[in-house]
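Here is the structure we will look at, set down as structure tokens.
The values are calculated or read from the model by the stated rules, or taken from the named source; none is laboratory data. Just so we're clear, the structure is a prediction, and the values are computed from it rather than from any experiment. With ideal geometry, Cβ positions are generated from the backbone for all residues, glycine too; neighbour counts draw on all protein chains shown. Quick note on the areas: whole protein, heavy atoms, side chains included, nothing else; ligands and nucleic acids left out. Shrake-Rupley method; radii C 1.70, N 1.55, O 1.52, S 1.80 Å.
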Amino acid sequence: MEYRYVLSSLVLLAALAGCTSTSDSGKQAVLENYLTHNGNVYVVWKDPAKYTDIKSTMWLQSKFDQYLFTELTDDLGKLANQFLDKDQQLDLVVTNVDLAGDVQPTFGAGPDDVRVVSELYPPRIAFEYALKQNGKIIKQGTESINDMGFLLGIQPITHDPFPYERQILRKWFKETIEPALVKK
């Protein structure tokens, strides 16, 4: 009896840790959801394998996914936590991401593919959100944000890996969530 308990506990821990396994067909099982948070901002990245474009050009895809999700959550959290009180929480369930640009092969010129950023491929993020205070929803909705003019104007030279995606999330927060909050 104790053996079953230990075994079921290990299986549960492996599932919660996001481990992959091999199915009967020999394909590797894909993590369906990924949770990130920063302060009072919680983001569930739902079914990342179905996202339009989060293709890595240099890293192992699973590591890139984790890096992308953590970077965007940390940036949104850094902004949002300036405005959220201790009893307030912002929850997002991201249903689609299309990074700016398109991944193109190098045809042997280099070991990795290259992401070519042009106005033909703007950044897009689709999600549902809920702003809560003391567990009670004070604002909620579904968004599909993008920036068709993301390359207009002067573009700063930066090593920021996701500047256009960060920009559309910040703009959404300032236009949609910030007005619903009482300023500190």
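A few notes on this one:
- Pro161 under 15 Å from the mean Cα position of the chain (by Cα) and part of a loop (DSSP other than H, G, I, E, B): yes
- Any hit, region 97-108, residues being under 19 Å from Val41 (Cβ atoms) and either out of contact with any Gly (no Cβ under 8 Å at 6 or more places or on another chain) or not basic (Lys, Arg) (or both): yes
- Check on Tyr42, under 20 Å from Thr176 (Cβ atoms) and open to solvent by 50 Å² or more (accessible area, probe 1.4 Å): yes
- Looking at Gln66, Gln82, Gln88, just one residue is open to solvent by 70 Å² or more (accessible area, probe 1.4 Å) and within 20 Å of Ile138 (Cβ to Cβ), and that residue is Gln82.
- For region 110-120, taking the residues that are in a loop (DSSP other than H, G, I, E, B) and touching a residue at least 24 places away in the same chain (Cβ under 8 Å), the one that is least open to solvent (accessible area, probe 1.4 Å) is identified as Ser118.
- Hey, Leu152 open to solvent by 90 Å² or more (accessible area, probe 1.4 Å) and of a type outside the set (Gly, Ala, Ser) or not: yes
- Test: residue in region 123-130 that is of a type outside the set (Lys, Arg), in contact (Cβ under 8 Å) with a residue 60 or more places away in the chain, in a loop (DSSP other than H, G, I, E, B) and surrounded by 15 or more Cβ atoms within 10 Å (Cβ to Cβ): no
- Residue among Val11, Val30 that is modelled with pLDDT of 50 or more and open to solvent by 40 Å² or more (accessible area, probe 1.4 Å): Val30
- Filter result for the condition that a residue is farther than 13 Å from Glu165 by Cα, touching a residue at least 60 places away in the same chain (Cβ under 8 Å) and assigned to a helix (DSSP H, G or I), over Leu68, Leu79: Leu79
- Residue count for region 68-121, restricted to those that are basic (Lys, Arg) and either in contact with a Pro (Cβ under 8 Å, 6 or more places away or on another chain) or at pLDDT 95 or above (or both): 1
- Every test in (1) of a type in the set (Gly, Ala, Ser); (2) open to solvent by less than 20 Å² (accessible area, probe 1.4 Å); (3) at pLDDT below 95 is passed by Gly18 save one, and that test is (2).
- Scope region 45-63; condition farther than 30 Å from Gln133 by Cβ and either assigned to a helix (DSSP H, G or I) or open to solvent by 70 Å² or more (accessible area, probe 1.4 Å) (or both); matching residues: Ala49, Lys50, Thr52, Lys55, Met58, Trp59, Leu60, Gln61, Ser62, Lys63
- Taken over region 146-173, the criterion of being of a type outside the set (Ser, Thr, Tyr), over 20 Å from Leu120 (Cβ atoms) and free of Cβ contacts under 8 Å to residues at least 12 places away in the same chain is satisfied by Ile154, Pro156, Ile157, His159, Asp160.
- Taking the conditions (1) open to solvent by less than 40 Å² (accessible area, probe 1.4 Å); (2) within 19 Å of Lys55 (Cβ to Cβ); (3) touching a residue at least 24 places away in the same chain (Cβ under 8 Å) in turn, Gly141 satisfies each one other than (2).
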